[in-house]
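The values are calculated or read from the model by the stated rules, or taken from the named source; none is laboratory data. All figures in this text were calculated on a predicted structure; none of them were measured in a lab. So basically every Cβ, Gly included, is an ideal-geometry build from the backbone, and we count neighbours across all protein chains shown. These accessible areas exclude ligands, DNA and RNA; they are computed on the full protein's heavy atoms, side chains included. Shrake-Rupley method; radii C 1.70, N 1.55, O 1.52, S 1.80 Å.
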Amino acid sequence: MSHRKDPASKDNKQGSGFSRRGFMQGIGVTGAVAPALTGAEAEAQSVPGVIGPGAVAITLNINGKAMKATVEPRETLLDVLRNHLDITGAKRVCDRGNCGACSVLVNGKVMYACSILALDAQGKQITTIEGFAMAGGKPHPVVQAFVDNDAQQCGYCTPGFVVAAKAFLDRNPKPTYEQVKDGLGGNLCRCGTYVGIRKAVLQAAQGGSNG
Amino acid sequence: MADYKWPEMSKRKVMGTSPKRLDGIEKASGRAKYNSDLNKPGMLHAVLLVSPHAHAKVRSIDTSAAEKHPGVTGLRVIAPAGTEIQWAGWEIAAVAATTELAARDAAGKIKVEYDVLEHVVRENDLRKVKTRAKAAGEQLEGDPEKAAKEADVVLEGYYGIPTLTHCCLESHGQVVAWTPDNKVEFNPSTQSVTSIRADMARALSVPAANVHVHQDHVGGGFGSKFQPDRWGVESAQLSKMAGGKPVKLFLERSSELVIAGCRPSGFARIKVAAKKDGSVTLWESEGWASGGVGGGGSAPIPYVFTKVPNRRQQHSAVSLNTAPIRAWRAPNHQQAAYLTCAPLDDLAAKLKMDPLEFFIKNANLTPRQETYERQLRKAGEMAEWKKLWHPRGDSGKGAIKRGLGIGVHTWGGAGHDSTCRCTIHPDGTVEVELGSQDLGTGTRTIIAQVLAESLGLKLNEVRVKIGDTNYPPSGTSGGSTTVGGVSTSTRKAALNALDKLFAEVAGALGAPADQLEAVDGKIQVKGNAAKSLTWKAACQKLGVKTISETGANVPSQAAKEGLNTGGVGGVQIADVSVDVETGVVRMNRLVAVQDCGNIINPRTAESQVYGACIMSICGALMEERILDEVTGRVLNADFDTYKLAGIKDIGEILVHLEVDEQNYKRGVIGLGEPPAVGGTAAIANAVANAIGVRVPVVPMTPMNVLNALSGRKS
């Protein structure tokens, strides 16, 4: 019933009965070939046509830094961020593109990191919440707005919401209240912080603080 | 001895104000580390293999291939041959490996043979589950037969409310290391830092003193995260097998939604009756519910209207091959509120009486008549009842029908056992330590407010440390008991420490210690700001000493002390629009009027009510654990098909907390649970008001609404 974005907008949307990991395992040896070949990685180039099934070295551009990791082709961007690189602001909640807790920006566009293979994220600008939330030692206006409007409780969905809200406002800097309700439909919260989030996004859009 | 009573309402400087939550920036910036975020050196990952069958006997289990899988460091068989599996999702084995993928691949290589047995997984029709139902004794009050005969209107109906799951966004699990020195470092996602230590120690036969628990944040609990759980204990064993390396296991969502707790269902055939003037004279119910294989789940009905003069209640517990229930934000209360308010609303409709008047008329049947009368009137005003309400089904032409409905509730919410240690350092630093946890309710923030208020300091001049078993014990955060417990223990610890500080500086101020007060960052002679020391100067008098005092909330004494108490009422009114062509229900508005005691932080208190209302909306319109009768499995164990409301689905929510002198004097009362109760009933009644018929079984999905409209059984 909730208005949702197409998971990871992006690549492949799958029905609930589908084994996502099995599918991705398949991609690892076939579907991911094209991005790997067009990517910058010499390691990938050295095995033309087939990547994996074993681990391969990749470089990801995360928050403006080149970061190396040795990952299996079937590993998601989310798992590589969290398990290999200790970048844990993006959370693993549903792990199948339903809830938005793992939202990151890929080339400026909000995506579900659980629904992108790490291999496919090579050569792209990945921004996680860590990349902007406290830039310059100051809370980003969206972060501050979430705090000002008590738009969080347990906080586990919050980084994903902040990323989604930032991306939404980048695209739609002066939204109406109704547009905010539509624009943040791709994220779920269980504690029920939506009332605060609506206010927070409007506050951030107005660039003000209601302290 | 210090006088612990709360300051006068009008004289508070920090309590009663709405500072932003202290961990707000940390959480909103993604910096907050939950235990599921931990990556410890050498950490292993573990996964569970679970049963695909709802009822079966394990014939054999062969782990040889799994154990040889590269990267595997240990494997534990949880359900050896001969084990009778009682629900799909039952833990069969746990595997640890150097990576999560290796662990999962290895688990896939475990070969299990089952002898499949017959299962029963649905309880909506009591006749079909007779052999699984165990009846409790009948309760009888008055003369139901006579009351039925003498009543002017009698209504009979069938009502049901399904099993829900907690859906904590941070899944259940932990990082745990059981090192060769027999010490256990335990980082669970828990609602009970203090008690989970003892539970884990017992499960591992390790002295409790050898178990250290630490948790900074928890990503949701809602009643489902009190125990170390089988996966926690097995992870500890896997750590031991690997020489003490930390093992991380957080349940996959597909397991979390199945085995990590759920709310019991509630069904009942109900007969109610009233006199022409609307006064209810009869309650008869034959109820049943399931809380899994052990039965359980018994909604206390009639709810709130407990004094209906003639009553007969029967209840059966149904044993199903489904995973067990856990406490779910106000256990049994949503079910009871729905199973009571829905038939009463139907009775009002049959009487052709305005339900607001009807509920007010019958408030004398509740334990707090005045409260509910006041709250019903207030909620009616806020919901524009007079303007918007219409008799049931009389909602005009067109496909979109609007309706209003009422739900009422109650809860306890007195404080749990809690001990706080308050330390004052010679440099003026003040800190408190409690083995408590902040579920997102704002516990850290309200502790700091109580501490600052008690010492005459500002919020940024005090520190709060929670979430560690090195701190004094606090109770489990369940039952809305945390705020009463920690505010009381903090108040007492702070004033005990302050008494010691007064004694240290009395000489310097030339007045007896009991003539001193802490006001606005100073220690001064009562009412004489001229004779004072700044807080810092006063603390410097300690020399090299520190003051460290404890204070405790002891529930059996709390009522006498008056710092916290329990027992609240609340009323919610829903305003919905239903499309009778598609069956889609949209929330226009949910109004919540809540009785609340002494509110420490109105901002976070209000957030609790908003969240509770939204949870009710999810439960009323979307949520339902769906079992497949053929396979016995949960069909919707993911967030694609187990629906939660999004930001667009909730309409507008209006909250009125009854903050006033009279409420304040009752002391602190927990607020997490009560407002999560009445909403489902209110929404259900609003739907009935809109479309003219009762959707008997929650949730009010398009299918159930259309079935009700066409007279089909859902």
| query | Does any residue of the stretch A:155-166 turn out to be touching a strand residue (DSSP E or B) at 6+ places or on another chain (Cβ under 8 Å), open to solvent by 10 Å² or more (accessible area, probe 1.4 Å), more than 18 Å from A:G192 (Cα to Cα) and touching a residue at least 40 places away in the same chain (Cβ under 8 Å)? | reply | yes
| query | Mind checking which residues of the stretch A:113-134 are facing chain B (nearest Cβ under 10 Å) and open to solvent by 20 Å² or more (accessible area, probe 1.4 Å)? | reply | A:E130, A:G131, A:M134
| task | Take A:D86 and decide whether it is facing another protein chain (nearest Cβ under 7 Å) and open to solvent by 30 Å² or more (accessible area, probe 1.4 Å). | result | yes
| field | Matching residues in the stretch A:89-112 - criterion: being more than 9 Å from chain B (Cβ to nearest Cβ) and under 21 Å from B:I647 (Cα atoms) | value | A:G100, A:C102, A:S103, A:V104, A:L105, A:K109, A:V110, A:M111, A:Y112
| Conditions (1) within 12 Å of the chain's Cα centre (by Cα); (2) touching a residue at least 60 places away in the same chain (Cβ under 8 Å); number of the one not met by A:L119 | (1)
| request: Tell me, please, whether a residue that is in contact with a Gly (Cβ under 8 Å, 6 or more places away or on another chain) and surrounded by fewer than 21 Cβ atoms within 10 Å (Cβ to Cβ) can be found in the stretch B:344-351. | output: yes
| Unmet requirement for A:P139, which otherwise passes all of (1) out of contact with any Lys or Arg (no Cβ under 8 Å at 6 or more places or on another chain); (2) open to solvent by less than 10 Å² (accessible area, probe 1.4 Å); (3) within 13 Å of chain B (Cβ to nearest Cβ) | (2)
| said: Being open to solvent by less than 20 Å² (accessible area, probe 1.4 Å) and closer than 24 Å to B:W411 by Cβ: is that true of B:V698 here? | reply: yes
| remark: Apart from one, (1) out of contact with any Asp or Glu (no Cβ under 9 Å at 6 or more places or on another chain); (2) more than 14 Å from chain A (Cβ to nearest Cβ); (3) aliphatic (A, V, I, L, M); (4) open to solvent by 40 Å² or more (accessible area, probe 1.4 Å) all hold for B:I25; the odd one out is (2)
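Do we find that B:A147 is closer than 27 Å to B:R253 by Cβ, surrounded by 13 or more Cβ atoms within 10 Å (Cβ to Cβ) and in contact (Cβ under 8 Å) with a residue 24 or more places away in the chain in this structure? Spell out the reasoning first.
On the way: closer than 27 Å to B:R253 by Cβ: no; surrounded by 13 or more Cβ atoms within 10 Å (Cβ to Cβ): yes; in contact (Cβ under 8 Å) with a residue 24 or more places away in the chain: yes.
It is false that B:A147 is closer than 27 Å to B:R253 by Cβ, surrounded by 13 or more Cβ atoms within 10 Å (Cβ to Cβ) and in contact (Cβ under 8 Å) with a residue 24 or more places away in the chain.
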| Which of the following residues is more than 27 Å from B:G442 (Cα to Cα) and at pLDDT 95 or above: A:K138, A:K91, A:K109? | A:K109
| message | Of the residues B:D640, B:D660, B:D649, only one is within 18 Å of A:C157 (Cβ to Cβ), without any contact (Cβ under 8 Å) to a residue 60 or more places away in the chain and of a type in the set (D, E, K, R); which? | response | B:D640
| query | Of the numbered conditions (1) on the phi > 0 side of the Ramachandran plot; (2) facing another protein chain (nearest Cβ under 8 Å), A:F146 satisfies every one except a single condition; which is it? | reply | (1)
| remark: Sole miss for B:N685 among (1) part of a loop (DSSP other than H, G, I, E, B); (2) buried (at least 24 other Cβ atoms within 10 Å of the Cβ); (3) of a type outside the set (A, V, I, L, M, F, W, C) is condition (1)
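For residues in the stretch B:634-676 being of a type in the set (D, E, K, R) and either more than 23 Å from A:C114 (Cβ to Cβ) or more than 14 Å from chain A (Cβ to nearest Cβ) (or both), which is surrounded by the most Cβ atoms within 10 Å (Cβ to Cβ)? Outline the logic, then answer.
Applying the first criterion (of a type in the set (D, E, K, R)) to the stretch B:634-676 yields B:638, B:640, B:643, B:648-649, B:652, B:658, B:660-661, B:665-666, B:673.
Checking which are either more than 23 Å from A:C114 (Cβ to Cβ) or more than 14 Å from chain A (Cβ to nearest Cβ) (or both) leaves us with B:652, B:658, B:660-661, B:665-666, B:673.
Values: B:E652: 12, B:E658: 19, B:D660: 10, B:E661: 9, B:K665: 15, B:R666: 17, B:E673: 26.
My answer is B:E673.
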| Criterion: more than 14 Å from chain A (Cβ to nearest Cβ), in a loop (DSSP other than H, G, I, E, B) and touching a Lys or Arg at 6+ places or on another chain (Cβ under 9 Å) - qualifying residue of B:G82, B:G16, B:G42, B:G74 | B:G82
| message | Which pairs turn up if I take residues in the stretch B:603-628 that are facing another protein chain (nearest Cβ under 10 Å) and under 19 Å from B:G569 (Cα atoms) and look for partners that are open to solvent by 10 Å² or more (accessible area, probe 1.4 Å) and among the small types (G, A, S) with beta carbon separation below 6 Å, at least 6 apart in sequence or on another chain? | response | B:Q608/B:G672
| query | List pairs: first in the stretch B:328-340 and buried (at least 24 other Cβ atoms within 10 Å of the Cβ), second basic (K, R), Cβ under 8 Å, 6+ apart or cross-chain? | reply | B:W328/B:R263; B:Q334/B:R263; B:Q335/B:R263
| task | Go through the stretch B:209-249 and give me each residue that's more than 14 Å from chain A (Cβ to nearest Cβ), within 19 Å of the chain's Cα centre (by Cα) and among the charged types (D, E, K, R). | result | B:D229
| Consider A:K13 against the criteria (1) surrounded by fewer than 23 Cβ atoms within 10 Å (Cβ to Cβ); (2) at pLDDT 50 or above: it satisfies all of them except one. Which criterion is unmet? | (2)
| task | List every residue pair whose Cβ atoms sit under 8 Å apart, with the two residues 6 or more apart in sequence or on different chains, where the first one lies in the stretch A:170-188 and is more than 13 Å from chain B (Cβ to nearest Cβ) and the second, anywhere, is in a helix (DSSP H, G or I) and not aliphatic (A, V, I, L, M). | result | A:N172/A:Q179; A:N172/A:G183
| said: Looking at (1) open to solvent by 60 Å² or more (accessible area, probe 1.4 Å); (2) not in a helix (DSSP H, G or I), which one does B:K500 not meet, given that it meets all the others? | reply: (2)
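Checking the conditions here, which among B:K5, B:K40 is farther than 26 Å from B:K248 by Cα, open to solvent by 30 Å² or more (accessible area, probe 1.4 Å) and in contact (Cβ under 8 Å) with a residue 24 or more places away in the chain?
B:K5
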| Selected residue (criterion: farthest from the chain's Cα centre (by Cα)) from residues of the stretch B:620-633 that are hydrophobic (A, V, I, L, M, F, W, C) and open to solvent by less than 50 Å² (accessible area, probe 1.4 Å) | B:L627
| task | Starting from the stretch A:138-151, take each residue that is free of Cβ contacts under 8 Å to residues at least 12 places away in the same chain and in the same structural domain as A:A165 (by TED's automatic domain parsing) and list its partners that are open to solvent by 10 Å² or more (accessible area, probe 1.4 Å) and of a type in the set (V, I, T), counting only C-beta distances under 9 angstrom and pairs at least six apart or across chains. | result | A:P139/B:I25; A:V147/B:I25
| task | Collect the residues in the stretch A:64-80 that are crowded, with 18+ Cβ neighbours inside 10 Å and either within 11 Å of another protein chain (Cβ to nearest Cβ) or in a strand (DSSP E or B) (or both), keeping them in residue-number order. | result | A:A69, A:V71, A:E72, A:P73, A:R74, A:E75, A:T76, A:D79
| query | Tell me, which residue of the stretch B:155-208 that is touching a helix residue (DSSP H, G or I) at 6+ places or on another chain (Cβ under 9 Å), of a type in the set (S, T, Y) and more than 12 Å from chain A (Cβ to nearest Cβ) is surrounded by the fewest Cβ atoms within 10 Å (Cβ to Cβ)? | reply | B:T179
